[in-house]
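The values are calculated or read from the model by the stated rules, or taken from the named source; none is laboratory data. Because the structure is predicted, anything quoted here is derived from the model rather than measured. Cβ placement follows ideal geometry from the backbone for every residue including glycine, while neighbour counts extend to all protein chains displayed. What goes into the accessible areas is simple: the full protein's heavy atoms, side chains included, and nothing from ligands, DNA or RNA. Shrake-Rupley method; radii C 1.70, N 1.55, O 1.52, S 1.80 Å.
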Amino acid sequence: MRVQFVEKVNGPERLVCDAEVLFDEDPLAGMKLDVYVTFPSRAFGAGTERKYFDYLRSAEGLSAEVKRVKDWILGEYRASRAA
């Protein structure tokens, strides 16, 4: 699996870039997943109260796994910007 960053010109103010997660091995070989580096989520709630449901979730329900993957993606992005 590889992460490729795509710069966004004229994107939303808080969006740094998009990330494409490219899969090299089965069963997802040849597929790519387009995600926002800001870790997309869906807002829900009533009235002015909003909560967010992250699309990236642990299959086991462990928040540490999600944090590990988010940290990895952010680290890869920072490394690509430094190069």
So the carbon and sulfur contribution to the accessible area of the range 15-78, 1.4 Å probe, in percent, is 54 percent
Among the aspartates and glutamates, which fall within straight-line cross-link reach of K67, defined as a Cα-Cα distance under 15 Å, with same-chain neighbours fewer than 8 residues apart omitted?
-> D54, E76
Of the peptides 22-34, 42-54, how do they stack up when ordered by the mean number of other Cβ atoms within 10 Å, highest first?
-> 22-34, 42-54
Compactness relative to 2.2 N^0.38 Å, alpha carbon Rg of the chain | 1.24
Specify which residue in the list V6, G75, F44 is farthest towards the positive end of the charge dipole of the chain, using unit charges on the beta carbon of Lys, Arg (+1) and Asp, Glu (-1), about the Cα centre.
-> F44
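Quick one: order S58, S80, S63 from most to least accessible surface, probe 1.4 Å.
Highest to lowest solvent-accessible surface, that is S63, S80, S58.
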